[in-house]
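Inspection log for the structure reproduced underneath, given as structure tokens.
The values are calculated or read from the model by the stated rules, or taken from the named source; none is laboratory data. Treat the numbers as computed from the prediction; the structure is a model and nothing was measured. Using ideal geometry, Cβ is built from the backbone for each residue, glycine included, and neighbour counts are taken over all protein chains shown.
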């Protein structure tokens, strides 16, 4: 939108609106009907679209008056048609979406910010359109997913913006929570899902490069915790005996995680951790009846071993 034509447009529009308001106050003209206002807004919108087209579809700023006044005209039309819902306001937000969408399509690198503001306009438009026929959980999920998609496209436009990918991933995962809440009892399962979602980026990081060997530790830990939480929520862990087996499963899962470091990366200390965790997993199963005494004794033995190792190293 050139500054010269923009100034002329907005100047004439404001002068005309002021003169009309003054004339109505003085009783020189009758109050406009809804149909008349629809016509005025439609003409202003058409003028904006024409200027946008004349500019070779480059000056997307013209789409602000075009979209806003088109939305106002449609809103008045819906209200006159006795549409009694929040959907009446959605055309205005759809109109505001137009310039941001055009700005992004005109220059995807420089105008990446338009995805975020455009995503907000799209959310507001869809919210007013759907709020009367859907639950609040769906609206919350829609907001999260739209934010996630917006930042994902920002990342895809320029892969160096890894921060945008992180925001997209986190908001996408959080968007699952409102949907699960709508399902009642299934909401409890969001905990394991969230833990698995935290583990996935570490798995990706680990398998992309062996230099990221450390990533398998948080990935394995989060996965094991997710499995334990899933079993508990599903009702498989209820009695003390079930807890023993759950702890054995956790120790076994952690042992498997460090076994990867030991066998695949030849890390010496990982072998010790793997053996200790493996022994704890097996022993806890065989000593299930003495479970209350097993862990204190195991902790004492571990502390004794560390004390012995420290004294032996000092004497050497």
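A few comments on the model shown:
- Members of the stretch 129-146 found to be assigned to a helix (DSSP H, G or I) and either farther than 21 Å from residue 94 by Cα or modelled with pLDDT under 85 (or both), listed by number: 129, 130, 136, 137, 138, 139, 140, 141, 142, 143, 144
- Residue 231 free of Cβ contacts under 8 Å to residues at least 24 places away in the same chain, under 27 Å from the mean Cα position of the chain (by Cα) and closer than 23 Å to residue 273 by Cα: no
- Restricting 153, 244, 167 to those that are part of a helix (DSSP H, G or I) and either at positive phi or modelled with pLDDT of 85 or more (or both) reduces the list to 153.
- Filter pass, residue 105 being surrounded by fewer than 20 Cβ atoms within 10 Å (Cβ to Cβ), in a helix (DSSP H, G or I) and modelled with pLDDT of 85 or more: yes
- Any hit, the stretch 115-137, residues being in contact (Cβ under 8 Å) with a residue 40 or more places away in the chain, surrounded by fewer than 21 Cβ atoms within 10 Å (Cβ to Cβ) and over 23 Å from the mean Cα position of the chain (by Cα): yes
- Residue in the stretch 79-89 that is over 38 Å from the mean Cα position of the chain (by Cα), within 30 Å of residue 131 (Cα to Cα), part of a helix (DSSP H, G or I) and modelled with pLDDT of 85 or more present: no
- Within the stretch 75-86, the only residue that satisfies the criterion of being closer than 16 Å to residue 126 by Cα and surrounded by 18 or more Cβ atoms within 10 Å (Cβ to Cβ) is 75.
- The listed residues are 155, 206, 189, and the only one of them that is buried (at least 16 other Cβ atoms within 10 Å of the Cβ), free of Cβ contacts under 8 Å to residues at least 60 places away in the same chain and under 15 Å from the mean Cα position of the chain (by Cα) turns out to be 155.
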